[in-house]
């Protein structure tokens with residue numbers, strides 16, 4: 001089976017309108033702007049510099065709740081603006097009292113997503129004088145120590161492996177942590193990751209995702225009282241947006257490659273970027289060699305690459321240096337793919353969650369700051 005999704009023509013880019021849903025003004029009635037939610041001036045200044053206007057639906061739901069210090073399960077469709085939905089209120093809480101040790105922690109599944117969220121966090125923190133630091137590992141222990149050497153870091157962004165190593169080697173202490181975010185939580189919550197951070201799960205915890213598999217609450221429930229969490233979800237959760245056109249083609253195995261090559265040949269140069277998803281690193285590499293033989297310029301991204309090899313690949317794709325990316329599900333979670341118009345599932349995904357994440361890539365849009 002070969003499946004592809006593309007953005008329908010005539011769409012305005014997925015921008016949400018300003019219909020107020022969720023959140024309240026301080027004086028009553030629905031909040032329809034960031035200022036009316038009571039965010040501190042430094043953050044409002046940062047939003048202006050980022051040219052972010054009115055809040056999206058998930059932001060209107062989440063910001064008032066998180067400002068009150070509640071832990072939450074925050075579920076919203078891909079491209080809805082979840083990154084700002086949790087960063088803004090949690091950074092606002094850090095501005096109440098500055099300290100030297102990390103007091104906010106964001107955990108993400110990949111170094112590419114850590115870099116993307118880190119860039120947004122740094123832009124928000126700059127007017128407030130807060131510092132952000134990434135912790136992504138992928139090298140020797142000395143490199144991990146150097147990543148943590150910068151003084152006065154208020155917010156730490158890390159991948160599970162790097163965080164686990166830093167805690168085990170005692171390079172990092174999180175005793176003064178005020179909040180923690182698990183972004184793309186269904187890829188993070190297993191015993192090997194959750195057990196070392198059980199103590200810090202007792203602070204304000206925000207669990208974020210575009211899909212929440214049935215077993216996630218049970219895993220979380222081993223470490224925290226999920227019943228105390230606020231449940232925040234948008235209406236578009238667990239469904240593909242209507243502007244994403246889907247097509248399924250049943251083929252014999254030997255016919256998949258010719259069909260893909262024809263699809264790439266027919267895709268117009270001005271038709272936007274293309275992502276081709278495979279289920280394994282070996283298929284990514286094999287397909288890459290085939291595309292090389294056919295003189296199709298592309299990039300490859302898969303989790304078995306070294307940190308050095310992976311560095312800058314997705315950023316180059318985002319900038320439009322190369323318009324075709326062959327990858328595993330590493331690139332299906334959270335990353336800004338606003339230029340993507342066509343998604344091809346060369347291998348059909350194993351789960352419905354993976355299918356939704358992959359084929360929502362054309363739904364990402366800049367105004368949402370996902």
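Values quoted throughout were computed directly from the atomic coordinates according to the rules given, and no laboratory measurement underlies them. Note that the structure is a prediction, hence the values are computed from the model and not measured. Heads up, the Cβs are rebuilt from the backbone with ideal geometry, glycines too, and the neighbour counts pull from every protein chain shown.
Below, the figures for the structure above:
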{"item": "Packing-based exposure ordering (other Cβ within 10 Å, fewest first) of 36, 184", "result": "36, 184"}
{"item": "Neighbour-count ranking [beta-carbon atoms within 10 angstrom, fewest first] of 229, 248, 314", "result": "248, 229, 314"}
{"item": "Proxy reagent accessibility, fewest Cβ within 10 Å first, across 361, 169, 103", "result": "169, 103, 361"}
